[in-house]
Amino acid sequence: MDHKIDRESKFRHSFEEDKEKVESDIELSSPERPYQPKDEEEDEDEKREEVKLPPIFGDRAEQFRSSQVSNQELSIIHNKSEINILTPKEVIEQDHGEDGSEEGNLLEVKQKEKNKFKQHILRILDNMYYTIFMTLITIYALFGDDFRLLIFEKNVDPYFWGFTSACLFFFTLEIMLSSIAREDYFLKFYFWLDTMATVSLISDIGWIWDKIVGNQDFSASNAQQASQLARAGRGARVGTRAGRIIRIIRLIRLIRVVKLYKHAHIALAENNEEGLVEKGSHHENEGTINRSERSFSEARSHQQKSEKVDVIEKVPHLEIKDDLKIPEESKVGKKLSDLTTKRVIILVLAMMFSVPIFSMTTYREENNSFVFGLELIDLFSDNPQGDKFQTAFNTYLAEHKDIRTPLISLYVEIGTFTQTWDSDSVSADRLRFSEAEVATIKGGDYVAIFDLRKNIQLTSGLSIGRTFFVCFVLAAGALFFSKDANDLVITPIEQMIHKVNRISQNPLDAVEQEENEALALEQAQEDEEKTKKKRKKKKEGPYETVILEQTIVKIGALLALGFGEAGSKIIADNMAHTGDVDPMIPGRKILGIFGFCNIRNFADATEILQEDIMLFVNEIAEIVHSVVDQFSGAANKNIGEAFLLVWKFSDEDQTFDKNTGDLTLKDNDRVSQIADMSVISFIKTIASVQKSHKLFKYRKNAALKQRIPNYSVKMGFGLHVGWAIEGAIGSDFKIDASYLSPNVNMASRLEAATKQFGVPLLVSGKLFDLMTEKSQENMRLIDIVTVKGSSEPVRLYTCDLEFTNLKIEKPRKNTMSKQNKKVEKVKARIERNRYREQAFNNQIQVSAKFILDKDIELMRSGITDEFIDIFSKGFNQYINGNWEESKTYLDQVEDYKYPDNPTRLLLHVMEEYDFKAPENWPGFRKLTSK
């Protein structure tokens, strides 16, 4: 009791110090600054094995309220991987049991020691060297006794019996260890089979078996001893017949072959998995282009090696590799395989047992010439000295000396008369009991001993062949019996699990890989049908498992489309864990470029187009999303006439400040290339919208032209860079995966400001600073403003573009097959990934698009250096407050580019102040609207 009080008081005393550290850490935790524990040294006395800290009590808060323990009595102790809370009472109970005594702790320690003991045994049983050793003695147990009888003489038998005794010991030890360590072994199927197989070894140990069945060695040196052995032979022959059945039991040992095969298969799978992990870590930074290429390779490996499909010709730049990959066996597959193996074992062994059990020779001996000849001799036993008796005796010798099982000893005793004959080639004492046949009549008065070694050797050879045959039957039976189930059910289920696991790891990447694999398989099947001239057969519909597998892929694709890149973590977390769906996971702070684009005159278009407005929006969305995807961006939200696009920076491109919780971008070429991609993608989107033949039809729409003269599809674009919280927005009824941040709102405000400035694109100064110098040269600073809700001035840049030079593209003939469309989609994705990797490795410069891209070159062909120079001079005077001089320059701008809306806006702003800058002019103005 005193020990409990001392421990609790000591515990409460140490709480305050831990609490202060926790609270100071929690103050750093916010949506903008994720929780980061302080890197402080802890005293050894403060380290605990198991309690743990929470900033929030969560589900256990009610438990603490109901107890009479205050919050100040909580024990907060750091652990390496997880954080929990325990009350002082719970801490004491952990050390002393629920009743406050040490009995609970003792039981727990004993249980842990028991588990450690079991784990140690399992490590021994699963050890490779142990497996090899048991494989060798199993092979001996299967074939050793047959080789003893086939090759070796009687004098080496004790060595074999000694080795077999050792095998009996090791097998018995293995059964005991497996019964202790393996949960599903003791008194189960394989336990009984192993036990029977081990017991059957007794029949191969002569020291034991001969005592059981009454066998005796042939050590006869004279006829009298041979007669005595013959008189004991009948009881021994009963044991010999029993041995015929016992020998069949040895076939049970074949189940060890099956178990060793399964063990080898698991080991190969584990080694393959380790190789894949090493290979995966080696290719981890190779980028998405290599993942796409490898996915084609994985799909290819499912085809037979005889199929020579040239996928590379249809989809260039693909490297098809035949990598060894053994997929992990599913629980259903393991269960079915185990059940099938068990049933095949029972079936094969039952058939083998039935042969001797239902054979008459097992129970009765058939008459043969051995006994019949002795009976003929006995017919003349009334005159053993006569010629007839001697003729019968000699005839018996002549007929049985040169047969396959030759006579080696003959003994006749009639009263006081005895006559014997022994072979000069072999003596009976050189034969094993099983190698000799003793024929006797008259209670041992007439005895003939025959040499059965050739038959025994033949029997041993056949026994070896039978063992191999049974091995083959077991393996083939287990394989073919389960083949249909594996092909139709298990393999599809394992493929479904593989697809679900892939989605849980990376939903977006999984969809791309599935599309690549599906395309490769379709091409393989199509080419196979072309190369093989098959008769036309009625095609059956796909099996339900195939439909289910395809449905999983479609669901994954829909999830990826619906949630987008922002929702990939939600999908992955819920797919990776069993239990209820939990979409409401905490947000994650990221750095990215956010782009907003908006369709102009959307309300009028909706009113006029009515049902066709969905097609109208989707046709525009197809252009926007495809171009953004081409330049490594991701579509996030579709809000009627507006679209939110995101270019996320990878973790390796940003640094985290533990003191402030801020994320900052690194100054490297990869960041600049992504910034260039975001601007180029919006410029290319503007060009694609203007050139689109699908959107050109709306220019001819009479209702639209009447409402809006000279109508054409126009859009505004805004780009900004900064942090945002990525996660789920909504409730359990409906959620959207998106981004929340003032920086996202800034992108929206920039898009809205394009209407005031009369330009299609506005880029913030922060994003401009990340761009490469070549791209910056194509941007024009048109104003510095503060937006609503922020006092920080924002530099506004635009890229001057003229649309009049662009021509409407010719309509494409819709003759492309569905498969060819998939090929084009995969090719576009591969080229995108390749372009991204080349840009990140500085093999190409994204800014080169300003020169090499024909559309961008045409749109900027009318922008001259004189125009930029005269505007810059006027703008600089505007910023410096010399508005009259600024007007002088800006009035000349439209002589070089007409019209220029930013110039007009600046002149309008200055005109409101009579071209005199306000007092204390800061060099920027407030944006008049959101």
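The values are calculated or read from the model by the stated rules, or taken from the named source; none is laboratory data. All values reported here derive from a predicted model rather than from experimental measurement. Glycine gets a Cβ as well: all are built from the backbone with ideal geometry, and neighbour counts include every protein chain shown. Surface areas here come from the heavy atoms of the whole protein model, side chains and all, with no ligands, DNA or RNA. Shrake-Rupley method; radii C 1.70, N 1.55, O 1.52, S 1.80 Å.
With all pairs of separate Cα atoms included, the range 757-893 yields a Kirkwood hydrodynamic radius of 18.5 Å.
For the range 865-930, chymotrypsin sites (Phe, Trp or Tyr not before Pro) are listed when DSSP marks them as loop and at most 11 other Cβ atoms sit within 10 Å of their Cβ; the list is Tyr913.
Of the Cα atoms belonging to the range 367-475, the radius of gyration and Dmax stand at 17.7, 65 Å. Placing pseudo-labels 7 Å out from each Cα toward the beta carbon at Leu397 and Leu379 gives an inter-label distance of 2.1 nm. Classify the range 683-781 from the C-alpha gyration tensor, please: rounded if a/c falls under 1.5, else prolate or oblate depending on whether a/b exceeds b/c. The shape class here is oblate. What chymotrypsin sites (Phe, Trp or Tyr not before Pro) does the range 666-735 have in DSSP loop regions with at most 14 other beta carbons within 10 Å? In loop regions of the range 666-735 (DSSP not H, G, I, E or B), the sparsely surrounded chymotrypsin sites (Phe, Trp or Tyr not before Pro) are Phe733.
Computed over every Cα-Cα pair of the range 110-168 and binned at 5 Å starting from 0, the pair-distance distribution P(r) comes out as 4, 16, 18, 16, 12, 10, 9, 7, 5, 3, 1 percent. Multiplying the residue separation of Ser354 and Trp192 by 0.36 nm and subtracting their alpha-carbon distance yields 56.4 nm.
Among the trypsin sites (Lys or Arg not before Pro) in the range 766-847, those placed in a DSSP loop whose Cβ has at most 16 other Cβ atoms within 10 Å are Lys788, Lys807, Arg812, Lys813. With both labels modelled 7 Å from their Cα along Cα-to-Cβ, the Val426 to Glu183 distance reads 5.7 nm. The alpha carbons of the range 661-713 occupy a box of 55, 24, 14 Å along the principal axes, longest dimension given first. Per-atom-type breakdown for the range 343-437 gives carbon and sulfur 54% of the accessible area (1.4 Å probe, protein chains only).
For Asp783, Asp382, Asp869, Asp338, the ranking by accessible surface with the largest value first comes to Asp382, Asp869, Asp338, Asp783, using a 1.4 Å probe. In the full protein context, the range 100-190 carries 63 Å² of accessible surface per residue, based on a 1.4 Å probe and ignoring ligands, DNA and RNA. Note on exposure: Val489, Val846 ranked by accessible area (1.4 Å probe, complete protein assembly) read Val489, Val846, with the most exposed listed first. Asp651 contributes an accessible area of around 110 Å² to the protein surface, as traced by a 1.4 Å probe with all chains present.
Distance between the modelled labels on Arg466 and Gln838, one decimal in nanometres: 7.2 nm (7 Å Cα→Cβ projection). Computed from the C-beta positions of Thr131 and Ser650 and an R0 of 51 Å, the FRET efficiency is 0.70 to the nearest 0.05. Rolled with a 1.4 Å probe across the full set of protein chains, the surface gives Met176 an accessible area near 110 Å². With a 1.4 Å probe rolled over the protein heavy atoms of all chains, the accessible area of Lys154, Lys554 falls in the order Lys554, Lys154, largest first.
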